[in-house]
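Let me give you the structure first, and then I'll get to my questions.
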Amino acid sequence: MATTPAHNSSVREALPPPTDGEMSHRAAADEVATDTLPFVSHIAPIARDLRYDGTRDEMLMPVEVHFRGGTRLPTVMRVEPGRVELLSIQLAQAIDRRQRGLDAGAQGL
């Protein structure tokens with residue numbers, strides 16, 4: 001589903017401005033040529049320390065947005081406290097599953 005410029009304008013206004021040296025990239029459909037729309041292929045964590053923004057009670061996770069055309073853009077992902085706790089549990093479970101897989105593979109050698 002295509003997003004209209006009117007929708008992007010309201011989204012752009014709702015997003016908080018970057019703070020504390022944070023980089024940001026926000027492009028509305030009316031700001032980007034339609035034949036060169038950026039398509040995100042994936043977002044990857046950057047190997048840097050997480051930060052805590054006490055004014056907004058959010059964890060700031062440095063990430064890099066990878067676009068299909070090869071462009072990469074560093075920014076931060078803002079995560080509220082409840083999501084941080086859920087993410088912590090999910091990461092612990094994924095690490096445990098990976099370790100069990102490695103252990104099972106080592107036993108098969």
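Here are Leu87, Leu73: which of them is of a type in the set (A, V, I, L, M), outside any loop (DSSP other than H, G, I, E, B) and in contact (Cβ under 8 Å) with a residue 12 or more places away in the chain?
One residue alone meets the criteria, Leu73.
Are any residues in region 58-68 surrounded by 15 or more Cβ atoms within 10 Å (Cβ to Cβ) and within 9 Å of the chain's Cα centre (by Cα), and if so, which ones?
Met61, Pro62, Val63, Val65 - these are the residues of region 58-68 that are surrounded by 15 or more Cβ atoms within 10 Å (Cβ to Cβ) and within 9 Å of the chain's Cα centre (by Cα).
Of the residues Thr55, Thr71, Thr75, only one is among the hydroxyl-bearing types (Ser, Thr, Tyr) and under 13 Å from the mean Cα position of the chain (by Cα); which?
On inspection, the qualifying residue turns out to be Thr75.
Residue by residue through region 81-109, note down the ones that are acidic (Asp, Glu) and surrounded by 12 or more Cβ atoms within 10 Å (Cβ to Cβ).
Of everything in region 81-109, nothing turns out to be acidic (Asp, Glu) and surrounded by 12 or more Cβ atoms within 10 Å (Cβ to Cβ).
Which of the following residues is touching a Lys or Arg at 6+ places or on another chain (Cβ under 9 Å), at pLDDT 90 or above and aromatic (Phe, Trp, Tyr): Phe39, Phe67?
After applying the criteria, what remains is Phe39.
The values are calculated or read from the model by the stated rules, or taken from the named source; none is laboratory data. The shown structure was predicted, so the numbers you read here are calculated from the model rather than taken from an experiment. Cβ sites come from the backbone with ideal geometry, for glycine too, and all protein chains shown count toward neighbours.
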